[in-house]
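K.L.:
Below: one structure in C-alpha cells.
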Amino acid sequence: SASDTSLKVTRTKETQLISGYNCTKFLIERRFGGKPATQEIWATTEIEPFDVQAISFVRLGNFRWDLDKVDGVPLKLVAKNLQGVFTMEAIGVKKETYKEEDFVVPDDFLEEKFTRSRDRTPPSRRQN
C-alpha cells in the first residue's frame, strides 16, 4: 500500500562493541502491511572491503532488511513489529581467502526454475 512506502533512516549517536568492532546504531522506521515496524542495524566501518549491496536483498522471516541504507557492515540486526522482536548478532568475524576454483560451476550443474509451492512437505515425504 502507499503507506508502506515511507521510510525514515536515522544514524544515532549510540555505539556498541560487537565481535571486537565499534558499531553505530541506525534506526529505520517504516510501515509493513500497514502496521509500524522498526529496525535497528548496528554497523561498523572497520571491516574493509565489503560490498553491502551484495547482501542488501536479504530477507529473514517476514523482515526485509534495509542494509543498503546504512554505512558499513551490519553486525547486529533487531526488528520490532506488532508480532514481536527478532534479533541476530554476529558472534565472530573471520577473514578468509578462497580459491578461484571454489566458485566454478560444475559441468553437470542443471538450473531449474523455482516455483513457490503451498505444499511445504519435502518431496521425499509426499504421497503420490
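Please treat every number below as a calculation from the coordinates, not as lab data. For clarity, every value in this text was computed on a predicted model and none was experimentally measured. As a convention, Cβ positions derive from the backbone with ideal geometry for all residues, glycine included, and neighbour counts pool all protein chains shown.
K.L.:
Below 14 angstrom from the Cβ of Glu14, what's the summed charge of the other residues (Lys, Arg +1; Asp, Glu -1)? Please list the in-between numbers first.
P.N.:
Working: positive: Arg11, Lys13, Lys25, Lys76; negative: Glu40.
Once positives and negatives cancel, what remains is +3.
K.L.:
If I model a spin label as a point 7 Å beyond the Cα along the Cα-Cβ vector, how far apart are those points for Lys113 and Gln53 in nm?
P.N.:
Calculated label separation equals 2.9 nm.
K.L.:
When we measure straight from the Cα of Lys80, which lysines land under 24 angstrom away, once same-chain ones fewer than 8 places off are left out?
P.N.:
Correct list for Lys80: Lys8, Lys13, Lys25, Lys35, Lys69.
K.L.:
Between Lys8 and Val85, 0.36 nm times their residue separation minus their Cα-Cα distance comes to what?
P.N.:
Length gained between Lys8 and Val85: 25.8 nm.
K.L.:
Going by average Cβ density within 10 Å per residue, which order do the peptides 80-92, 12-24, 33-45 take, highest to lowest? Please list the in-between numbers first.
P.N.:
Working: 80-92: 11.9, 12-24: 14.0, 33-45: 17.8.
The peptides rank, most packed first, as 33-45, 12-24, 80-92.
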